[in-house]
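Below is one structure, written out as structure tokens, with a few remarks after it.
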Amino acid sequence: MNPGDTLEPREYPVTRADLVAYADASGDQNPIHQDDDVARSVGLPGVIAHGMYTMALAARAVSDWTGAAEVVELGCKFTSPVVVPAEGSVVVTVGGTVKTVDDGLATLALEVTCDGTKVLGRPRAVVRA
């Protein structure tokens, strides 16, 4: 990894079944992640993916790019929801750029989008290079 390197974008389809599996694994059974009526009743456009699930997809991309490198830091702000349709899937795309490599640590600036909209604000990862 060298500063300026562009990391090949990764695409991850997200289905309602993925949200149910994540809810079961994480214990986050908030109905906005599984029930359209509840999601709409609180002003959302429909069922949305868990923010931490979306962040986990970013972490998966970092792992795909770096192999066995240790992730020392991962952070972001949750800026836009990932709306998941009842049928089929929606695609979350994760891209990245190597910003710096210093003292054995590489800082990656990430871009996480869904349907062309950034869904995570200022996502970044630091890995042991």
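The values are calculated or read from the model by the stated rules, or taken from the named source; none is laboratory data. Model, not experiment: these values are computed from the prediction. Note: ideal-geometry Cβ built from the backbone for every residue, glycine included; neighbour counts use all protein chains shown.
Couple of notes before you dig in:
- Residue match in the stretch 74-89 (condition: in contact (Cβ under 8 Å) with a residue 24 or more places away in the chain, buried (at least 22 other Cβ atoms within 10 Å of the Cβ) and either under 21 Å from T6 (Cβ atoms) or not polar (S, T, N, Q) (or both)): yes
- If you go through the stretch 56-69 and keep only what is under 14 Å from V82 (Cα atoms), small (G, A, S) and either touching a residue at least 60 places away in the same chain (Cβ under 8 Å) or surrounded by 18 or more Cβ atoms within 10 Å (Cβ to Cβ) (or both), you end up with just A58.
- Residues that are closer than 21 Å to A61 by Cα and surrounded by fewer than 17 Cβ atoms within 10 Å (Cβ to Cβ) within the stretch 4-33 comprise G4, D5, T6, E8, P9, E11, P13, T15, A17, A21, A25, S26, listed in sequence order.
- Cross-chain or 6+ apart pairs with Cβ under 6 Å, the stretch 1-20 first and at positive phi and at pLDDT 95 or above, then of a type outside the set (A, V, I, L, M) and assigned to a helix (DSSP H, G or I): none
- Boolean, G95 is surrounded by fewer than 15 Cβ atoms within 10 Å (Cβ to Cβ) and of a type in the set (G, A, S): no
- Answer residue from the stretch 76-117, given it is part of a loop (DSSP other than H, G, I, E, B) and among the hydrophobic types (A, V, I, L, M, F, W, C) and is nearest to A56 (Cα to Cα) among those: V82
- Note on the stretch 1-45: residues that are assigned to a helix (DSSP H, G or I) and not β-branched (V, I, T) amount to 17.
- Matching residues, the stretch 100-124, being of a type in the set (S, T, Y) and in contact (Cβ under 8 Å) with a residue 60 or more places away in the chain: T100
- Residues being surrounded by fewer than 13 Cβ atoms within 10 Å (Cβ to Cβ), among the β-branched types (V, I, T) and at pLDDT 95 or above are represented in the stretch 34-45 by at least one member.
- Of all residues in the stretch 46-55, exactly one satisfies the criterion of being closer than 15 Å to R124 by Cα and either without any contact (Cβ under 8 Å) to a residue 12 or more places away in the chain or surrounded by fewer than 16 Cβ atoms within 10 Å (Cβ to Cβ) (or both), namely M52.
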